[in-house]
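A.B. asks: Just dropping this structure here.
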Amino acid sequence: MSGDVGQYLQSVRKRRGFTQRELAEMSGVSLSFIRKLEQGERDDARMETLRRLAVALGCPLTTLLGPAPTPPASRDGALWEPTRVAIAAMEPIENSDSSGTLAGSLAAAVQLYHDNRYERLAQVLPMLIDEGRAAEPVIRSRILQLAGSVMVQTRQLRPARIALEQSVADAERTGNAVDSASAIVTLCWLMIVERQFDAVRELATRWADRIEPRLSVATEREISTWGWLLLRGSAAAIRDNRPDEADDMMRLAQAGAVVMKRDVSGYQDYWTRFGPATVAMKRVENAVVDDQPDLALRLAREVPAGLRPTSDNRNRHLLDVASAHLELRRPDNAFEVLRQLSIEAGPWLAEQRLARDLMGRLIAERRTLTAEMRHLADLIDLEY
């Protein structure tokens, strides 16, 4: 969290003509916390707390945020060092005839990513990146898109940006707008993590307009790419306290999902899925961000079963469900969701900052911990 947040908060509050006490009453944030935040005594405000303040002040969340903070390093930083080195050295060379072989290797690496087999992925990804230097631009772009996604997932944002910017550049060399837009989708994910909400809204909207399909005749890949751009734009808008914009983009994405009828392979044949279940899960996420836990759980019950969204989207959805339970003071329900995730997707869960936040809040409310709680806290490397 930027140390300037308290200064921004104080400046906006005064411009709006509110006292600290009035802001506390309107936002539901304690008066003592607002005072400490403005005085620089606290710099650990959660995003949901800042968003409540932004809603009360009637301003975008980005108004209260300074530059994006440097995230904590992945706890397995050494594991990914060869990947970071390979990304830094990724300079395209003259094409070879290896693209056909690399496409199969890339598909296998993506499956490792979705299966949360990070140790094996960390072994094969540097070699894939190196071999991709001589591949056709579209294959090289997709390799770097995978590498960038891994870096975002493990909170290594500088190499993520290097990889994804090169991925976009390579995709644009193909002359295929859908290839380029697919790389933009992942770049938008990074930018959301970096809290560049305005930039994501502009970028996602511009590209969605550029590739907007005729739903009656469009291919599944075209609809999926367009739909994911809208989901990214909606995610940025809701985080920036622009719920109307978020709803508009979500409705358009939902229209595309209705045409798809099922969750199918997405903007790349093997990369992700788009369809009714995925969009329904993203509606739950928006409700959680918008501080509507009741709505989030109601929407969660409406997520279609058996439509096979990708594991990372499904896992993130379950974290949102746990968060909604915790907001409604249902700690046992929240812990059960986290416990199940630890069994099914332990390596993925260990990299999630939201999981640490939720578990920290659960522990703070209990006098003693069960053995399962202690195990989960160790798994996600929760600080004492």
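The values are calculated or read from the model by the stated rules, or taken from the named source; none is laboratory data. Just so we're clear, the structure is a prediction, and the values are computed from it rather than from any experiment. In this analysis, Cβ positions are derived from the backbone assuming ideal geometry, glycine residues included, and neighbour counts consider all displayed protein chains.
A.B. asks: Only residues that are under 21 Å from ALA280 (Cβ atoms) and either surrounded by fewer than 18 Cβ atoms within 10 Å (Cβ to Cβ) or within 15 Å of the chain's Cα centre (by Cα) (or both): list them for the stretch 219-242, please.
C.D. replies: TRP228, LEU229, LEU230, LEU231, ARG232, GLY233, SER234, ALA235, ALA236, ALA237, ILE238, ARG239
A.B. asks: What's the number of the only condition in (1) touching a residue at least 60 places away in the same chain (Cβ under 8 Å); (2) in a loop (DSSP other than H, G, I, E, B) that ARG51 fails to meet?
C.D. replies: Looking at each condition in turn, ARG51 falls short on (2).
A.B. asks: Got a number for residues in the stretch 116-142 being of a type outside the set (Ser, Thr, Tyr) and over 21 Å from ALA78 (Cα atoms)? Can you show your working first?
C.D. replies: Of the stretch 116-142, the ones of a type outside the set (Ser, Thr, Tyr) are 116-117, 119-140, 142.
Right, trim to over 21 Å from ALA78 (Cα atoms) and you get 131-140, 142.
The number of residues fulfilling the criteria is 11.
A.B. asks: Given LEU299, LEU369, LEU341, LEU354, which one is over 18 Å from the mean Cα position of the chain (by Cα), at pLDDT 85 or above and not assigned by TED's automatic domain parsing to the domain that holds VAL138?
C.D. replies: Details: LEU369 fails: at pLDDT 85 or above; LEU341 fails: over 18 Å from the mean Cα position of the chain (by Cα); LEU354 fails: over 18 Å from the mean Cα position of the chain (by Cα).
When all the criteria are applied, what remains is LEU299.
A.B. asks: Has the stretch 374-382 got at least one residue that is surrounded by fewer than 22 Cβ atoms within 10 Å (Cβ to Cβ), within 22 Å of VAL193 (Cβ to Cβ) and touching a strand residue (DSSP E or B) at 6+ places or on another chain (Cβ under 7 Å)?
C.D. replies: Checked the stretch 374-382: no residue is surrounded by fewer than 22 Cβ atoms within 10 Å (Cβ to Cβ), within 22 Å of VAL193 (Cβ to Cβ) and touching a strand residue (DSSP E or B) at 6+ places or on another chain (Cβ under 7 Å).
A.B. asks: Sticking with this one: Taking into account only those residues within the stretch 171-196 that are touching a Leu at 6+ places or on another chain (Cβ under 7 Å) and not aliphatic (A, V, I, L, M), which is surrounded by the fewest Cβ atoms within 10 Å (Cβ to Cβ)?
C.D. replies: Of everything passing the filter in the stretch 171-196, GLU194 is surrounded by the fewest Cβ atoms within 10 Å (Cβ to Cβ).
A.B. asks: State all residues of the stretch 189-247 that are polar (S, T, N, Q) and within 21 Å of VAL152 (Cα to Cα); if no residue qualifies, say none.
C.D. replies: Keep residues of the stretch 189-247 that are polar (S, T, N, Q), which gives 196, 205, 216, 219, 224-225, 234, 241.
Within the stretch 189-247, GLN196, THR225, SER234 meet the criteria.
A.B. asks: Just checking, how many residues over the stretch 12-23 are closer than 12 Å to ALA54 by Cα and either buried (at least 19 other Cβ atoms within 10 Å of the Cβ) or at pLDDT 90 or above (or both)?
C.D. replies: Going through the stretch 12-23, the residues closer than 12 Å to ALA54 by Cα turn out to be 12-13, 16, 23.
Narrowing the set further to residues that are either buried (at least 19 other Cβ atoms within 10 Å of the Cβ) or at pLDDT 90 or above (or both) leaves 13, 23.
The number of residues fulfilling the criteria is 2.
A.B. asks: Which condition number does GLU351 fail, the rest of (1) over 15 Å from ALA280 (Cα atoms); (2) touching a Phe, Trp or Tyr at 6+ places or on another chain (Cβ under 6 Å) being met?
C.D. replies: So the condition that GLU351 fails would be (2).
A.B. asks: Something else: Kindly evaluate LEU295 against the criterion of being surrounded by 19 or more Cβ atoms within 10 Å (Cβ to Cβ) and either assigned to a helix (DSSP H, G or I) or in contact (Cβ under 8 Å) with a residue 24 or more places away in the chain (or both). Step through it out loud before you land on a result.
C.D. replies: Values: surrounded by 19 or more Cβ atoms within 10 Å (Cβ to Cβ): no; either assigned to a helix (DSSP H, G or I) or in contact (Cβ under 8 Å) with a residue 24 or more places away in the chain (or both): yes.
It is false that LEU295 is surrounded by 19 or more Cβ atoms within 10 Å (Cβ to Cβ) and either assigned to a helix (DSSP H, G or I) or in contact (Cβ under 8 Å) with a residue 24 or more places away in the chain (or both).
A.B. asks: Look through VAL303, VAL321 and report the one residue that is assigned to a helix (DSSP H, G or I), under 28 Å from VAL55 (Cβ atoms) and of a type outside the set (Ser, Thr, Tyr).
C.D. replies: Values: VAL303 fails: assigned to a helix (DSSP H, G or I).
One residue alone meets the criteria, VAL321.
A.B. asks: Right, something else. Name every residue in the stretch 313-335 that is among the acidic types (Asp, Glu) and either modelled with pLDDT of 95 or more or in the same structural domain as ASP291 (by TED's automatic domain parsing) (or both), in order of residue number.
C.D. replies: Initial filter on the stretch 313-335 (among the acidic types (Asp, Glu)): 320, 327, 332.
ASP320 - this is the single residue of the stretch 313-335 that is among the acidic types (Asp, Glu) and either modelled with pLDDT of 95 or more or in the same structural domain as ASP291 (by TED's automatic domain parsing) (or both).
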